[in-house]
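Input: a single structure, listed below in structure tokens.
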Amino acid sequence: MKVGVLALQGAFARHSEVLGGLGAVPLEVRTPTDLEAVDAMVMPGGESTTMSMLLDSSGLRTPLAERLANGLPVLGTCAGMILLAVRVTDGRPDQRSFAAIDIDVRRNGYGRQVDSFEDQFPVTGLDGPFHGVFIRAPVVERVGTAVEVLARVDGIPVLCREGSVLVSSFHPEMSGDGRIHERFLDLAFSA
Ligand code: GLN
């Protein structure tokens with residue numbers, strides 16, 4: 001189970017640790033050659049505008065778009081969720097997303113006052129609540145009919161799945177709980 005972790009910018013290191021702890025082989029992806037070796041991908045949190053620019057300058061944009069269109073399983077967290085959405089509100093005008101999951105998001109949608117927060121919530125299919133760390137998180141404003149909402153906070157979807165694309169507006173790698181990653185590995189490798 002070779003799982004690439006997009007390592008252009010942002011919170012990628014902890015993802016590799018969690019994946020390694022679950023028995024997967026994490027590989028940091030910075031170039032198109034790195035991408036060729038992986039069977040699934042994690043797109044971490046960070047700054048989606050910067051990541052979008054780095055996807056272009058690294059040459060990863062086109063090969064990653066092709067892999068995603070061909071069904072590469074992907075876990076996108078926070079900025080990663082933004083990069084996988086169909087539509088992004090309040091992004092930079094030149095920011096581009098892969099449209100790998102049929103959701104619309106508003107960047108930094110929780111606003112300044114609750115810039116960052118933590119919450120516990122139930123997740124469909126998991127025993128016991130998950131502790132989510134939200135850091136300038138995107139707000140999911142629309143989900144398509146093919147999208148399964150696996151968790152909500154205050155009625156707003158925070159964990160969504162379409163096929164083998166799983167996205168969270170929180171940082172699941174930061175709570176010392178590998179269950180979201182485990183779920184992703186199941187989705188990606190048990191089909
Ligand atoms: N606000 C960031 C963005 O727009 C996302 C924050 C995060 O990934 N923790 O990309």
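The values are calculated or read from the model by the stated rules, or taken from the named source; none is laboratory data. All figures in this text were calculated on a predicted structure; none of them were measured in a lab. Here Cβ is always computed from backbone atoms with ideal geometry, including for glycine, and neighbour counts include all displayed protein chains.
Restricting region 147-186 to residues that are in contact with a His (Cβ under 7 Å, 6 or more places away or on another chain) and surrounded by fewer than 24 Cβ atoms within 10 Å (Cβ to Cβ), which is nearest to F12 (Cα to Cα)?
Result: S175.
Taking the condition of being more than 11 Å from the chain's Cα centre (by Cα) and in a helix (DSSP H, G or I), how many residues in region 181-191 meet it?
Number satisfying all stated conditions: 7.
From the residues in region 2-21 that are in a helix (DSSP H, G or I) and in contact with a Gly (Cβ under 7 Å, 6 or more places away or on another chain), which one is farthest from A137 (Cα to Cα)?
G21
Just give me the residues in region 28-41 being without any contact (Cβ under 8 Å) to a residue 40 or more places away in the chain and either within 16 Å of the ligand (Cβ to nearest atom) or closer than 23 Å to E173 by Cβ (or both), in sequence order.
Correct list: E28, V29, R30, T31, D34, L35, A37, V38, M41.
Residue under question is S58, and the condition is that it be of a type outside the set (V, I, T) and under 22 Å from F170 (Cβ atoms); does it hold?
No.
Taking region 48-60 as the search range and keeping residues that are surrounded by fewer than 17 Cβ atoms within 10 Å (Cβ to Cβ) and away from the ligand (no atom under 16 Å from the Cβ), which one is farthest from D186 (Cα to Cα)?
Among those residues, the one meeting the criterion is S57.
Tell me, please, whether a residue that is within 15 Å of the chain's Cα centre (by Cα) and among the β-branched types (V, I, T) can be found in region 54-63.
no
Can you pull out every residue in region 107-139 that is near the ligand (Cβ under 10 Å from one of its atoms) and either under 18 Å from the mean Cα position of the chain (by Cα) or buried (at least 16 other Cβ atoms within 10 Å of the Cβ) (or both)?
Passing the criteria: R107, N108, G109, Y110, S116, V133, F134, I135, R136, A137, P138.
Going through region 150-174 one residue at a time, which ones are hydroxyl-bearing (S, T, Y) and closer than 12 Å to V123 by Cβ?
S168
Yes/no per residue for (1) at pLDDT below 95; (2) in contact with a helix residue (DSSP H, G or I) (Cβ under 7 Å, 6 or more places away or on another chain):
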residue: R14; (1), (2): no, yes
residue: G23; (1), (2): no, no
residue: V29; (1), (2): no, yes
residue: T33; (1), (2): no, no
residue: S48; (1), (2): no, yes
residue: P63; (1), (2): no, yes
residue: Q95; (1), (2): yes, yes
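Taking the residues in region 1-17 that are within 16 Å of the ligand (Cβ to nearest atom) and not small (G, A, S) as candidates, determine which candidate is surrounded by the most Cβ atoms within 10 Å (Cβ to Cβ).
The residue in question is L6.
Go through region 23-47 residue by residue and tally those that are surrounded by fewer than 16 Cβ atoms within 10 Å (Cβ to Cβ) and of a type in the set (A, V, I, L, M).
2
Under 11 Å from S169 (Cα atoms) and in contact with a Cys (Cβ under 9 Å, 6 or more places away or on another chain), is that true of I103?
no
Given the conditions (1) within 16 Å of the ligand (Cβ to nearest atom); (2) within 17 Å of I101 (Cβ to Cβ); (3) within 14 Å of the chain's Cα centre (by Cα); (4) of a type in the set (A, V, I, L, M), which single one is not true for I156?
Going through (1) within 16 Å of the ligand (Cβ to nearest atom); (2) within 17 Å of I101 (Cβ to Cβ); (3) within 14 Å of the chain's Cα centre (by Cα); (4) of a type in the set (A, V, I, L, M) one by one, I156 breaks only (3).
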